[in-house]
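Undergrad: Take this structure first; my questions come after.
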Amino acid sequence: MPSLPDGSLSILASPLSPVTSTKVMIVITGLILIVASLRYASPTRLTRVLSDAMSSLEKVYTDIVCMLHMLQLEVGALRAQTLLHSLSWRATIGELLKGRSFTLYRCINEVRDLETRIRILEEEYRGRCRSGSVPSSFATGVSVPAHRCAFEP
C-alpha cells in the first residue's frame with residue numbers, strides 16, 4: 001500500500017498563516033462572485049425571466065381585453081335601453097328618476113379610466129424602450145381592477 005510522505009501531512013495539519021488565509025478567502029470570494037455573475041447573466045435564466053415577463057404581459061392584455069369586452073356589452077345594453085325609453089317622454093323622466101344618468105356617468109368614467117390606463121402603459125413602454133429596459137409594469141404585472149359598472153338590464 002502506498003504511503004504519503006510525512007511532509008505533505010504536516011502541511012495539512014499546520015494552521016494557515018493570516019496572509020495565506022486572507023488570500024484563500026479572496027480567491028474563494030472571487031470565484032463565488034464570478035460563478036454568481038455567470039449564473040445571473042446566463043441566457044438560460046434570462047430566457048426564463050423573459051418568458052415570465054411575456055406571461056405577465058399576456059395576463060394583463062387578457063384582463064384589459066375582458067374589461068373592454070364587458071364595457072362594450074354594457075354600453076350596448078345601456079344604449080339600447082336609453083333609445084327604447086327615449087321614444088316616450090314619460091319613460092325618459094322615469095329613467096331619469098331611477099338614476100339611469102348616474103349609471104351612465106359611472107360607465108363613462110370607467111371607459112375613460114380604462115383608456116387612461118392603456119395610455120399610461122403605452123407611454124411607460126415607449127419610455128422604457130427608449131432607455132433599453134423592460135417596462136416594470138409588464139415585468140411585474142399590473143393589477144387590473146375588477147369591473148365595477150353597475151347596470152340593471
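The values are calculated or read from the model by the stated rules, or taken from the named source; none is laboratory data. These numbers were taken from a predicted model, which means no experiment stands behind them. Ideal geometry is used to build each Cβ from the backbone, glycine not excepted, and the neighbour counts take in all protein chains shown.
Undergrad: Could we say that Val65 is among the β-branched types (Val, Ile, Thr), without any contact (Cβ under 8 Å) to a residue 24 or more places away in the chain and farther than 30 Å from Tyr125 by Cα here?
TA: The answer is no for Val65.
So that you can scan it fast, the table gives a plain yes or no per residue for (1) within 15 Å of Leu114 (Cα to Cα); (2) under 22 Å from the mean Cα position of the chain (by Cα):
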| residue | (1), (2) |
| --- | --- |
| Val24 | no, no |
| Thr29 | no, no |
| Ile34 | no, no |
| Leu38 | no, no |
| Thr47 | no, yes |
| Met54 | no, yes |
| Ile64 | yes, yes |
| Leu68 | yes, yes |
| Gln72 | yes, no |
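Undergrad: Somewhere in region 34-56, is a residue at pLDDT below 85 and of a type in the set (Asp, Glu)?
TA: Checked against the condition, which is being at pLDDT below 85 and of a type in the set (Asp, Glu), region 34-56 yields no hits at all.
Undergrad: Here is a further query. Filter region 65-87 for residues that are among the hydroxyl-bearing types (Ser, Thr, Tyr) and either surrounded by fewer than 11 Cβ atoms within 10 Å (Cβ to Cβ) or assigned to a helix (DSSP H, G or I) (or both) and give the result.
TA: Matches in region 65-87: Thr82 only.
Undergrad: Separate question: Please indicate, with yes or no, whether at least one residue in region 98-108 is of a type in the set (A, V, I, L, M) and free of Cβ contacts under 8 Å to residues at least 40 places away in the same chain.
TA: For region 98-108, residues of a type in the set (A, V, I, L, M) and free of Cβ contacts under 8 Å to residues at least 40 places away in the same chain: present.
Undergrad: Of everything in region 88-128, what is polar (S, T, N, Q) and surrounded by 15 or more Cβ atoms within 10 Å (Cβ to Cβ)? Give them in sequence order.
TA: Thr103
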